[in-house]
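Below is one structure, written out as structure tokens; comments come after it.
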């Protein structure tokens, strides 16, 4: 039987990808951020997951304002990373897991979620940056099977935090019903508080971020009760990416164990939160 062995939260901002490419991990600006990741990388090396479900938001590479599905799941044998600007260099293809993807898609539809299933899918920095952080070695990054889950965070109306938490719970049920012996890790990417434009450009709410990092472990339903407008007000226009964390947390058990955490600002005017969670016994 398949099982979810862990959940990880991380920022996915494109500047991280550029820092990795340029070898700037030891630079004073970046070092406190990158120094937080070896414990997570070590855990992944020891746990050896077979597949990673990556919850992220597409930034216009695969979908755009004219066609923006609320929830889209990849069901391809591989996922290509293309030129998306930001100075990012495209990475080699990522391996898919069509059989597990279709099982999750079918299970979600039976659970009354309307899913856009993608048999071809480009993945942008929302997906590639977390994969590079978790698997710095290209061979290991290419070996793990991936299932991209893209959530609309670009074109309003956005899905509510409660809906995203329920989506995660449905994904958890889907994985648990998959008959093949498969160890799965779930990445909830993005955030925390940040705003890229407008009068509040550069806005960061550290107190709210730290509260979210506590509640995502102990009381995720409290976060699910916020509205999108609440998140924008409290965490900035792009701080609504917290809903991606809620999908990850919903996929896990009711009680989880926190193995590692880190919070660091500023990283490209973003409050960057890192958590490593395991399902409690």
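Annotations
- The convex hull defined by the C-alpha atoms of segment 192-251 has an orientation-averaged projected area of 3.7 nm².
- Anisotropy class of segment 20-85 from Cα gyration tensor, a/c 1.5 cut: oblate
- Cα gyration tensor category, rounded, prolate or oblate, for segment 160-281 with a/c compared to 1.5: prolate
- Note on 103, 194, 156: ascending count of other Cβ atoms within 10 Å places them as 156, 103, 194, the fewest first.
- Its relative contact order, with pairs defined as Cα atoms under 8 Å and 6+ residues apart, puts the chain at 30 percent.
- Ordered by the count of other Cβ atoms within 10 Å of each Cβ, fewest first, 116, 164 give 116, 164.
- Note on the chain: with a GNM built from Cα contacts shorter than 10 Å, the maximum mean-square fluctuation among 213, 131, 25 falls on 25.
- Residues 258, 166 arranged by fewest to most Cβ contacts within 10 Å: 258, 166
- P(r) weight above 18 Å for segment 97-230, C-alpha pairs, percent: 65 percent
- Percent of Cα pairs in segment 3-279 per distance bin of 5 Å, from zero to the largest separation: 1, 6, 14, 19, 22, 19, 13, 6, 1, 0, 0.
No lab work stands behind these numbers, since they all come straight from the coordinates. Quick caveat: nothing in here was measured; it's all calculated off a predicted structure. So basically every Cβ, Gly included, is an ideal-geometry build from the backbone, and we count neighbours across all protein chains shown.
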